[in-house]
Structure formats: C-alpha cells, structure tokens
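Worksheet for the structure shown next.
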Amino acid sequence: MEKRTSLDLSPDDSLCFSKSFVLDFDIRLIPDHKAYFGYVLRIVSNDNQNIDLIYNEKQTSFEVITGENFSGISFAIDSPRLFREWTRFSLRFSPDSLTLQFRVNGKLSGSSAIPANFRCLKFLWGASDVQKFDTKDVPPMQIKDIRISENNQEKYFWSLNETSGDISYDLIRKKAARIKNPVWIKPGHQKWELLTTFSIGSFAGLGFDPRQDRICVAGSDSMALYSLRNGQNMLSWRANRRINLRLGSQAIFDTISGKLYDLYIDQQKVVAYDFASGQWDGDFEPGKITEFWHADKFISPVDSCLYVMGGYGQFKYKNLVQRYSMASRKWELVSTSGDYFSPRYLSALGADGKGEFAYIIGGYGSKTGDQMLAPGNVYDMMRYDVRKRSFKKMFTIRPSATQFTFSNSLVIGPKSDEYYGLIFPNVRANSWLQLIRGSLTDSTYTPLANAIPLSFHDVSTFADLYYSTLSNKLIAVILHFPTLDDKEKITEVRVYALNFPPESEDALAPEKKEGHSRYSLFFLIAGAVVLAAFLLFLFRKKLFRPGIRGGGAVVSVIPDGLHGTVSYQQEHPEKVHRSSIYLFGPFQVFDKEGNDIARLFSPLVKELFLIIATYTIANGRGISSEELNEILWHDKSEKDAMNNRSVNLTKLKTFLEKIGNCAVIKESGFWQVQVHDEEVYVDYKKYVSLLASAGDPAKGYIHPLVDIIRRGPFLAQTEYNWLDDIKSEISNSGIHICLDYLESKQGKKDPEFAIEIANCIFHFDLLNEDALIYKCKSLIQLKRHTLAINTYQKFLKDYKDIYGTEFGKSFQEVVS
C-alpha cells in the first residue's frame, strides 16, 4: 500500500485564491483491473475542510463528498469512453457565493455548496499522507494536463510532461508539484519494454489469444502461456503429449473455435491444440525441409477457412494462395484474379475485422519467383478480397535509405484506415525491428517508438506483432529457432510490449520554447500496488535553467517525503553522464545515448552483474568463479554451473558494450567489472571514493555525497541474501558521515542543507532519532513550524507501525 502513487500540487504549502477559480484535469481509467474504488482527488483547506472526488465502483459513478456528507453531485460516464478516451473534469469554485459547479467535457454534471473560507487549499490526487486525510484507496487511473485559472486567467499548468523523476513543474510560475511513487507512462508509449525471455523445447509455434489476453508458444512437449491480463505478465506452462513440430511450421490462434492451430504446408496438414484437454489432435511426419519459409496466414470468418500466402524454399519465392477448410479439413489451391501478386516472403499480412479483406505489404522476392532472376525488396501494398478471390494493388511505399522487410503480421486498426507493422533491414545479422504506422489508402508511413534489437538469421528468426485490446498494448514477439545441426533443440523467446497509441521517440526531447509543450505526458496513478522503480537519471540543476518550458529527460531528484521533504537546490552539481550505472535508489543503467537499458537485464543477468560490480568496488578484487557458483548455481554440477555462467556472462557483456567503456574481465582468477571513470559514471564507485575524503568538510565531499544518497537507499527494492552485509555497511557509513557533518560547524550554518542531509539519513534508517532531531530543529529555525510538527507526527506513526509501541519522546523533547 505504501507504494501507491500520490500527486501533491503544493507539497510545502497551500495554493491560495482570492477570487473564483477553476480546476481542470484530464482522466481515464485503466481497463481490466479487479478493483476501481478509491479517491481520485482530495482538496483540503488550511482549516481541514475537505472536498473529495471518489469513484464508486459499486454504482460505477463518480461522487463528490463535502466533509463527511454526499454533496449531491454524482455522475456516470460511458465505460468505453472512460477507459479508452480522455475525459475532462472541470471544478469551478466560487468562494464568495460558496458554490461548486462540476462539469464533464464542458457539460454541467451538478453543483453544491462548499465550506466557508475555502480559499487556501492543498490538491491531492491518489494516495495521501496528509494527517487526518491519510488514504491509500486509489482507482487505477491516468491523469494529465492539470490547469488552475483564477478570475478567467490561467494561473498554473502542470502538463505532467516529464519522463522521469518525482517533481513536475508548472509551466507558468515554475511551481513544483511532488509525486510519490511516480509511474510516468509517456516512455511506455515510446520505448518498448522487454516483458520476458524464456526458452522452450524444439521448433516453437507462436499465436496470440486476444480473448484471454495471452501469448501462446507451443513446444514439442509443453505449451507456454504468457498472460498480460490485469497486468499480470505471468508465464505458465502446460505439459502435453510430445509432438513433432517442424522447423518452418507456423501457428495461429482461431478466435472462433478458441484453439491454437499449427500448420505445416508441405504436408498439407493442420493440427489443433485444445486448451481444455491440453493436447494436440494430431502430429506431423518427419520429412523434407519446408518450401514455405515466412509465409503469411490468416483465418477469415467469412468462410471459416485458413489462408496461407507466399513463402520461400528451394531457391523459389512463392505467390500461391492456399486455403484450408476447418469444416472439411481439406486444402485447396485458390485461383486468383485481379492485379499480379508477385512471389515473396518476409512480408506482413493483416486482415480487417470482418475477415473480408487481407492486406499484404512488403517482403523480398522476384517477379518470376526465381531466386537467380533479379531478387529484391518488395514495397507494394496488396489487398486480397476473400469473396472475389482477387488481388488489388493499393500503392507502393517508399523505402528509406536502408532496405527493409516486415515481421509476419500487420495490425489493422483500431482506426479502420491505418495499420501498424514492424520493419527491419534484412541484409544485416545485427538488425533491429522498427515500428511504423501507415495508411491503408496511401503510401505514407511514420516510424514510431524506439527500435528493438534483432539478431536476424533468415529462416532461424521469426518476429510477429499483435494488438491487445484488453491491455491496450502492442505486443512484439521474437523467436530464435535452433538449426537442424544444433544438438540442443531450444527456441529462445522474447516478448516486448508498448503502450497504445505509440508515439515517435523524438517526442521525448524537451521542447525549448515558450508556451506549453506540444507533447502530453500521461501520469499513471495505479490503484493496485505500483512499484516505484522508474527513471530518475539526471540531476536537478538542469531544471532551473531559464527558458526550458516542456518536460524532458532532465529531472529533479527529491527524496520521497516520508518525513516532509524540503527541496534543496544543488550547489555543487555532479557532471551528468550518459553512460552511467546507478545502484543507489532504483537500479538503472544508461547507455551511450542516454537510454535506460536496465529493463533488458533478466533477473539472473542483473544479479550476476550486481555481484561482480559490488564485489569489485567493495574489495577492489572482484569475485572468483567458485564464489559465483556457490551464490547462483549451488544446486548444479560444476559443468552445468560453468555453462550457465558462460551463457549469462556473454549476455551481460553484450549489454555492457552499450554503456561504453565498461566490461567484465577475469584477472588473477577473479571476475571484475572495469569502467573508465572519464567515460562511465558509477554512483557506488563515486560514493566509495568520497568516503575516503570524508572527515574534512573543507574538501567538499558532502554535496556530491548527498547527490548520490538522495536517489534512495542502496539498491532499493532489490533483495539478495549475499547483499545484506553490503547494504548494512553502506547504510552505517552513510549515516555516520552525514551525522558527523551535521555536528560540524559547517553543518550548523545551513538549515536547508541540514534538512536535505536528514532526508538522506532517513533513506538508510526510517526511524533514525538523530535525523528526526536535526530535521525538526532546522525546520523550526526556518520558521516552518507546521512542517516540523508533521515530520514528528509522521515519525510517531511509522514508529508505532514498525515497533508496535509509542515513541518515547514528546515533540518538545525532540526540539529542545
């Protein structure tokens, strides 16, 4: 519950109004969650009068509460709109007449009385830690574009147009709003997230079940089901009778029958997997290699038939249209008319919602089908009419400077005249998948989101694209098949997700001009347990530069406010590194371009890296293979442990190459992480070096040390048995250095900085009494008495929650 998200427009004070004012914001609920009850917004006056906006799950309506009573304002919103589109809420307050008008998309939904003197207010979205109004009931929702106007003049505007950090600045007066446990979802519309990687036996088949919102990967003796429903992102397995899946076969999920079909065209055979029984209804015979690599397929509801088009094999590109009847279980070669459908493979196909038309775009082939006669990339868009059995050429897209082909499927819609596809250079082994959005009526297309790394080996690589209506995400899946010569027949599977609608990656860049940002960032307030491990990667000093108006990658890092945070502007900013590794706070790794690649690390690769990195920095030597085996592979034989270590070190080295001058090496029998300090920044390494200069405040160690610690505890939310002692040593050293400075002459000169240091101590020890004393005294010295009392009361609550007993000192004893 403590990880739920909150947004406070004025964390250190209230916003005051002398005349009528209007609060506007956009909201939509996140679909497919189990619980939706909770507080959307709480508005609290200085004398503790409140107006609340609550979503009443039982009545599927929004309710406005004044104090402890229903205000009479209650309204419902059409579910498809509420979950799929942004809805604008407008609250017009008239303090003179003591009235509130509530409008939804400009239409009046109701009015009510408001308390007297309702002028100096705190605005709290989601969870709240404010005394008396502490709540953790939050509906899963998204918020953006918060505006406050007074007397018809816009006074504040928070677009929430940041991509990381826990501070959002209003674009008019630079008022800082604080977000606790933020989940910025703008990057989720621009950067693919690697959801999972796993292996499955034999030559796998791939399908997507939109009804259950799950990816189905068929192996020779098991079925892997990766569920996206309710944000589970859960992988489960079902064993089945062994089946002889062939290299080059393909799978497709049929929404009509609810079955997964695997087809091998060369044997004119289709076998079905029944999810109720968990078994296949047939098998394939051994035989020759397929002649229909990377063919396209779809199932049409018009005639309940499976269609297969194109393919490649035996030096021939194909343009056959083959149809399989689910009812008669017979194959037919379809004779087509209309425009010429040139032989090809590596094209993409998508069908419209009714299954009347199939759109096929791009590929690689030749006009004759002969590989020796002028083969090349194909860029036309063809439409196949199921009823008329005819092709029509719609247009030809213009390729970029790099030639490309497509992954297997097109996503048609949700708008009826657009498509989404994944393109990739087919002449490179180290290739990439790039999402594009195009029109079904003309040749224009637009690249969207970042690229997905793709190791392309022609017939050993398969990629596909799906759209999940339940999760409102695009799903990309990559399969790497074994070759016929590989001893181990294992298919490697990678699953990526991108929030819909996707956006251009360059929209992440800050908008350096006056006025509001062009780009709207959506701020996700998750009602379910939301983890707080998101991007905090540059220092705050940047945000105070004049002239920067929209949000961007430059953020202000401020502690989480467990004891009443006060911001402090950094006097000695550290150099910002693109190539950087952060172990304080959430684990983050930034490559040479400034992209956070920590998500690429599988749990095992992440732990392997952290072991080697922390041991290297802590003892200067690293860790031996025997120690690694004991920690990670103690249950495996020496040979198996060595194989696992070799495989995962190879993966790790690939990721470290993206960072820059950073590598894993073995020296004198010990594994080490080596970095070039001038090119790669590691906060833990910097922390250790600063400890060496600690003790003499004149050396200026304390400011860069605080800059490191303010990100949060060492490896927050990362727990390993081997890590406990390291965390303890770092916490003890950090607390010791901070307290030593606070007791020095320099530490007593700057109460603002003393508060910042106390917040850092709280990162290490939530119930540190010394930090409480220094913080409360400093707040009183700055005449912030209310904040001092709030800090003390929060400490009392945390103390009782953890120890089950009352804290033994009064507020007067703490500050005396």
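The values are calculated or read from the model by the stated rules, or taken from the named source; none is laboratory data. No experiment lies behind these values; they were computed from the predicted model shown. Here the Cβ positions follow ideal geometry from the backbone for every residue, glycine too, while neighbour counts run over all protein chains shown. Heavy atoms of the whole protein, side chains included, go into the accessibility calculation; ligands, DNA and RNA do not. Shrake-Rupley method; radii C 1.70, N 1.55, O 1.52, S 1.80 Å.
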About the Cα centre, and with charges only on the beta carbon of Lys, Arg (+1) and Asp, Glu (-1), how big is the dipole of the range 249-395? Nearest 20 debye, please.
480
Hey, quick one: spin label on E2, modelled 7 Å out along Cα-Cβ, who in the range 160-182 has an amide N within reach, i.e. under 16 Å?
180-182
Can you give the calculated 222 nm mean residue ellipticity of the chain, where each DSSP H run of n ≥ 4 adds -39,500 (n - 2.57) and the sum is split over every residue, rounded to the nearest 500 deg cm²/dmol?
-5500 deg cm²/dmol
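Could I get the Rg over Rh figure for the chain? Both from C-alpha atoms, Rh via Kirkwood, rounded to two places.
Looking at the chain, the ratio lands at 1.01.
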Cα long-axis angle, helix 769-781 against the chain (0 to 90 degrees, to the nearest 10)
70
Under 5 Å between amide H atoms, partner at least 5 residues away or on a different chain: which partners does A127 have, H built in plane at 1.01 Å?
T5, S6, L7
Evaluate the distance, in nm, between pseudo-label points positioned 7 Å from the Cα of T483 and of S416 along their respective Cα→Cβ axes.
4.9
Order 65-71, 199-205 from most to least packed using the mean count of other Cβ atoms within 10 Å.
199-205, 65-71
Using only Cα atoms, find the angle between the long axis of helix 724-742 and the longest principal axis of the chain, and express it within 0 to 90 degrees, rounded to the nearest 10.
30
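Could you order the peptides 414-420, 358-364, 47-53, 807-813 from most to least packed, using the average number of other C-beta atoms within 10 Å per residue? List each step's numbers first, then the result.
Details: 414-420: 15.0, 358-364: 24.9, 47-53: 17.4, 807-813: 11.9.
The most tightly packed comes first, giving 358-364, 47-53, 414-420, 807-813.
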Can you work out the FRET efficiency for the pair D13 and D78, with r the C-beta to C-beta distance and R0 = 45 Å, to the nearest 0.05?
0.70
Can you pull the one-decimal nm distance between simple spin-label points at K34 and R398, each 7 Å off the Cα toward Cβ?
5.3
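Can you classify the range 313-453 as rounded, prolate or oblate using the Cα gyration tensor, where a ≥ b ≥ c are the square roots of its eigenvalues, rounded means a/c under 1.5, and otherwise it's prolate if a/b beats b/c and oblate if not? Don't jump to the answer; show the numbers that get you there.
On the way: a/c = 1.72, a/b = 1.22, b/c = 1.42.
Oblate shape, in that a/c is at least 1.5 and b/c is the bigger or equal ratio.
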Rounded to the nearest 0.05, FRET efficiency between F198 and E626 (Cβ-Cβ, R0 45 Å) equals 0.95
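What accessible area per residue, rounded to a whole number of Å², is obtained for the chain using a probe radius of 1.4 Å? Present the calculation step by step, with values, prior to reporting the outcome.
Working: 34510 Å² over 816 residues.
Accessible area per residue: 42 Å².
Taking each pair of distinct Cα atoms in the range 711-816 once, what is the resulting Kirkwood hydrodynamic radius in Å? Please report the intermediate quantities before stating the final value.
Numbers: mean 1/r = 0.0682 Å⁻¹.
Roughly 14.7 Å, rounded to one decimal.
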To the nearest 0.05, the calculated FRET efficiency linking V459 and T650 through their beta-carbon distance, R0 being 25 Å, is 0.60
For the chain, the dipole about the Cα centre with charges only on Cβ (Lys and Arg +1, Asp and Glu -1), to the nearest 20 debye, works out at 1880
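Select from the range 467-504 those GluC sites (Glu not before Pro) which occupy a DSSP coil region and have at most 15 other Cβ atoms within 10 Å, ordered by residue number. Could you put the intermediate results ahead of the total?
On the way: sites: E488, E492, E503; in loops: E488, E503.
Passing both the DSSP loop test and the Cβ count: E488.
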Quick check: residue separation of Q232 and K809 times 0.36 nm, minus the Cα distance between them. What number comes out in nm?
203.3 nm
Virtual spin-label span in nm between W331 and D283, 7 Å along Cα→Cβ
2.0
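Could you tell me the relative contact order of the chain? Use alpha-carbon pairs under 8 Å, at least six residues apart, and round to a whole percent.
Values: 1840 pairs, mean separation 84.2, N = 816.
Normalised by residue count, the contact order of the chain is 10 percent.
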Entries of K175/K658; K592/K686; K330/K354 with Cα pairs more than 28 Å apart
K175/K658
Against the longest principal axis of the chain, how steep is helix 751-764, in degrees 0 to 90 to the nearest 10, with axes from Cα atoms?
50
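How much of the accessible area of the chain, probe 1.4 Å, is carbon plus sulfur, in whole percent? Don't jump to the answer; show the numbers that get you there.
Values: 16910 of 34510 Å².
Looking at the chain in its full context, I get 49 percent from C and S.
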Between H703 and D635, what is 0.36 nm times their sequence separation minus the Cα-Cα distance? Round to one decimal in nm.
20.0 nm
Residue (of A176, C760, S337) at the positive-pole extreme of the chain, dipole from beta-carbon charges
S337
Just checking the chain: which Cys have no other cysteine's beta-carbon under 4.7 Å?
C216, C305, C662, C738, C760, C776
With charges set only on the Cβ (+1 for Lys and Arg, -1 for Asp and Glu), what does the dipole of the range 26-128 come to about its Cα centre, in debye to the nearest 20?
260
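Of the listed pairs K606/K653; K259/K473; K186/K473, which have alpha-carbon separations greater than 18 Å here?
Beyond 18 Å between Cα atoms: K259/K473.
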State the answer as a single residue: which of S816, I623, V308 lies farthest towards the positive end of the charge dipole of the chain, with beta carbon charges of +1 for Lys and Arg and -1 for Asp and Glu, about the Cα centre.
V308
